[in-house]
Amino acid sequence: MKGDFFEMKMKKTLLTTLALAFAFSLAACGNNDNNSNAGSNNSSSGAAVSGQVIAVGSSALQPLAQGVADKFMAEDAYKNVSVTVQAGGSGTGLSQVSDGQADIGNSDIFAEEKLDADKSAELIDHKVAVVAMAAVVHKDVGVDNLTKQQLVDIFTGKATNWKDVGGADQAIVIVNRPSSSGTRATFEAFALGTKTEDLQGSIQEDSSGTVKKLVAETPGAIGYLALSYLDDSIVALNYEGVEPTTDNVTTNAYPVWAYEHMYTKGEPSAAAKAYLDYIMSDAVQNGDVVEQGFVPVSSMKVDRDAEGNVTNK
Amino acid sequence: MNLPVTNKQGGPPGKSGKWGKHVIEEARGRAFVYFCVLLMVVTIFSIVFFIASRGLTPFISQGVSVKDMLFGLKWKPEGNPPLFGALPFLFGSFVTSVLAALIAAPLGFCASIFMTEIMPKFGRTALQPAIELLAGIPSVVYGFVGLSVVVPFLRDVFPGQGIGILAGAIVLSVMILPTVTTIGTDALRSLPSGLKEGSYALGATRWQTIYRLILPTALPSLLTGVVLGIARAFGEALAVQMVIGNAPHIPRSLFESATTLTSIITLEMGNTTSGSLHNNALWSLALILLLMTFLFVFVVRMLERRVKR
């Protein structure tokens, strides 16, 4: 009897392995094909662009990249281009584009922050959007503004009750992101100004949907979300008295924002370049980018480099 | 594993010098089966090799000691100096899986007894398919149900955040119930019927027969089901990650955020670049998981040996 069970299991494993091996070999072939395709097309300039583009990385950027890719492939001029967008995290995106497994690496953070200097030097940065984040709290905590120091106190565990920062008598529950996440890196760099540790009893979730659900349901919860996730179920906090709005982000009056990057290794292939140009076009920047809660790069009145230095444009 | 090929020997070439049809069929079948087995063996070994080569790097060349990883309490991969104490994850994985098995085992045993001894017909036609259906539900659905039903319930009833080891164990117990029940039912069905009849002939009641005779006789098989259930619970990632909270600390209660080996891997792997120390340390955790799986298989084998004796 149990022999049967094991045999069944083994057969299943074998089938899965076979399927996987098959899929991998296919993927590998596909990859090679598209590179040569894109290359040959590059030389015969003028003809319609064709080829395959694989974009991997940031799950925060994934919905926008996918939405734009669908529209892009529906355009007549680009009907021979196929764009595949995969999530997997900024780190995965950066290492895959650096190793040449992906054509585009999506990232929430500058490559310099994750990769070695010589590897990041090979990558070309395309800033396609700006994402801003707001600290969000459960609606009963009785706070609508926090200063930087108060946020630091909360996220380092110095303040453990909302009455410490002028709210209701309610224990604080931190709903954080994993310590390696790009979203967390942005929040720590521009809202807290310091790295924090995962505290005993704090919650770490990777998905924005889960963070929102937990903050909305757990009494005393605080977390942070991209502006596109804000709605009535949670309360978005002002930061140092500044409201998290698009206008305040463009002037850097509200500083908790970051670029969404699409990295290519060296100059992009013709197909990848067409896709990147399409994302940067005014129609997409003022259309999809805004609709999905991002801020168009062109509307930013300031620049920020990898070290965090802000300059007026 | 018994290969079906061995029962028929390939005959010598036909007298005319041609190969007979049955010989060619035989050879073709044998080649196919050998190829599949070879592919399987190669796959298994390359997986083990890959995980081991990545997972051992932190210990060999990146200055992390095995002791620090197995018994360290602090997980600060981005810290300075980086710390890789995985004890909180080991603790979380063990407690959650064992707790899940403790919840699932009595339920599974009872269901098995019900399906074989009490209402065999209803059990086979209705209950068994229903329980097997549980095995087909994707784990993300379990996780979401856990987050939407179990966590709020625990938050309202007990002090704490609702999220934590108990929430994870409850979700896992439902997930491993099919494993425990199916194996238990098979074991009970395969008991010789003379055993029961003898017991009834001596005047034992049904309860006495079940409690004193059937359960002890089938116990090693039932435990096999439980161990396989624990193995599955140990390896489950997504559903647990959604309800356990993922704080890299040993929790002070069952209702406080904790982490398992699998959830820390899925949570952080995507955010690290391959080759970095942090990434390799996650592979070390994967290696630990793999070794645990070997251990579970070993335990199952031991139990099976007891069944045969």
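Summary of values
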{"read-out": "In segment B:126-155, residue surrounded by the fewest Cβ atoms within 10 Å (Cβ to Cβ) [restricted to those that are of a type outside the set (Gly, Ala, Ser) and over 26 Å from residue B:242 (Cβ atoms)]", "value": "B:129"}
{"read-out": "So residue A:220, is it small (Gly, Ala, Ser), buried (at least 18 other Cβ atoms within 10 Å of the Cβ), out of contact with any Cys (no Cβ under 9 Å at 6 or more places or on another chain) and at positive phi", "value": "yes"}
{"read-out": "Which numbered condition residue B:101 misses (of (1) buried (at least 17 other Cβ atoms within 10 Å of the Cβ); (2) not assigned by TED's automatic domain parsing to the domain that holds residue B:188)", "value": "(2)"}
{"read-out": "Subset of segment A:219-241 [touching a helix residue (DSSP H, G or I) at 6+ places or on another chain (Cβ under 7 Å) and within 13 Å of another protein chain (Cβ to nearest Cβ)]", "value": "A:220, A:221, A:222, A:223"}
{"read-out": "Conditions (1) crowded, with 23+ Cβ neighbours inside 10 Å; (2) within 13 Å of chain B (Cβ to nearest Cβ); number of the one not met by residue A:194", "value": "(1)"}
{"read-out": "Residue list for segment A:57-100, restricted to those being within 14 Å of chain B (Cβ to nearest Cβ), buried (at least 17 other Cβ atoms within 10 Å of the Cβ) and either over 14 Å from the mean Cα position of the chain (by Cα) or in a helix (DSSP H, G or I) (or both)", "value": "A:62, A:90, A:91, A:92, A:93, A:94, A:95, A:96, A:97, A:98"}
{"read-out": "Of all residues in segment B:156-167 being in contact (Cβ under 8 Å) with a residue 40 or more places away in the chain and within 13 Å of chain A (Cβ to nearest Cβ), the one that is farthest from residue B:248 (Cα to Cα)", "value": "B:159"}
{"read-out": "Residue satisfying all of: in segment A:152-182; buried (at least 23 other Cβ atoms within 10 Å of the Cβ) and polar (S, T, N, Q); farthest from the other protein chains (Cβ to nearest Cβ) among these", "value": "A:176"}
{"read-out": "Single residue of B:168, B:162 found to be among the small types (Gly, Ala, Ser), under 30 Å from residue A:170 (Cβ atoms) and modelled with pLDDT under 90", "value": "B:162"}
{"read-out": "Residue match in segment B:83-106 (condition: modelled with pLDDT under 90 and over 22 Å from residue B:236 (Cα atoms))", "value": "yes"}
{"read-out": "Some residue of segment B:206-213 being more than 10 Å from chain A (Cβ to nearest Cβ), in a helix (DSSP H, G or I) and under 20 Å from residue B:93 (Cβ atoms)", "value": "no"}
{"read-out": "Condition check for residue B:240: away from every other protein chain (no Cβ under 11 Å) and in contact (Cβ under 8 Å) with a residue 24 or more places away in the chain", "value": "yes"}
{"read-out": "Condition met for residue A:125 (of a type in the set (Asp, Glu), closer than 24 Å to residue B:151 by Cβ and either within 14 Å of another protein chain (Cβ to nearest Cβ) or in contact (Cβ under 8 Å) with a residue 24 or more places away in the chain (or both))", "value": "no"}
{"read-out": "Hey, residue B:106 touching a Phe, Trp or Tyr at 6+ places or on another chain (Cβ under 9 Å) and in a helix (DSSP H, G or I) or not", "value": "no"}
{"read-out": "Boolean, residue B:288 is surrounded by fewer than 24 Cβ atoms within 10 Å (Cβ to Cβ), in contact (Cβ under 8 Å) with a residue 60 or more places away in the chain, part of a helix (DSSP H, G or I) and β-branched (Val, Ile, Thr)", "value": "yes"}
{"read-out": "Residue B:79 vs. criteria within 14 Å of another protein chain (Cβ to nearest Cβ) and not in a helix (DSSP H, G or I)", "value": "yes"}
{"read-out": "Counted residues, segment A:242-255 - those being in contact (Cβ under 8 Å) with a residue 24 or more places away in the chain and either buried (at least 20 other Cβ atoms within 10 Å of the Cβ) or touching a helix residue (DSSP H, G or I) at 6+ places or on another chain (Cβ under 9 Å) (or both)", "value": "6"}
{"read-out": "Qualifying residue in segment A:293-306 (condition: of a type in the set (Phe, Trp, Tyr) and not in a loop (DSSP other than H, G, I, E, B))", "value": "no"}
{"read-out": "Leading residue by the ranking (surrounded by the most Cβ atoms within 10 Å (Cβ to Cβ)) among those in segment B:236-257 that are assigned to a loop (DSSP other than H, G, I, E, B) and under 19 Å from the mean Cα position of the chain (by Cα)", "value": "B:236"}
{"read-out": "Flag if residue B:88 is within 14 Å of chain A (Cβ to nearest Cβ), farther than 14 Å from residue B:186 by Cα and in contact with a Phe, Trp or Tyr (Cβ under 8 Å, 6 or more places away or on another chain)", "value": "yes"}
{"read-out": "Cross-chain or 6+ apart pairs with Cβ under 7 Å, segment B:256-277 first and at the interface with another protein chain (Cβ under 8 Å from one of its Cβ atoms), then in a loop (DSSP other than H, G, I, E, B) and of a type in the set (D, E, K, R)", "value": "B:267/A:206"}
{"read-out": "Failed criterion for residue A:35 (all others in (1) within 22 Å of residue A:275 (Cα to Cα); (2) at pLDDT 50 or above hold)", "value": "(2)"}
{"read-out": "Check on residue B:123, crowded, with 22+ Cβ neighbours inside 10 Å and assigned to a helix (DSSP H, G or I)", "value": "no"}
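The values are calculated or read from the model by the stated rules, or taken from the named source; none is laboratory data. Predicted, not measured: the structure shown is a model, and the values here were computed from it. For neighbour counting, all protein chains shown are included, and Cβ atoms are generated from backbone atoms with ideal geometry for every residue, glycine included.
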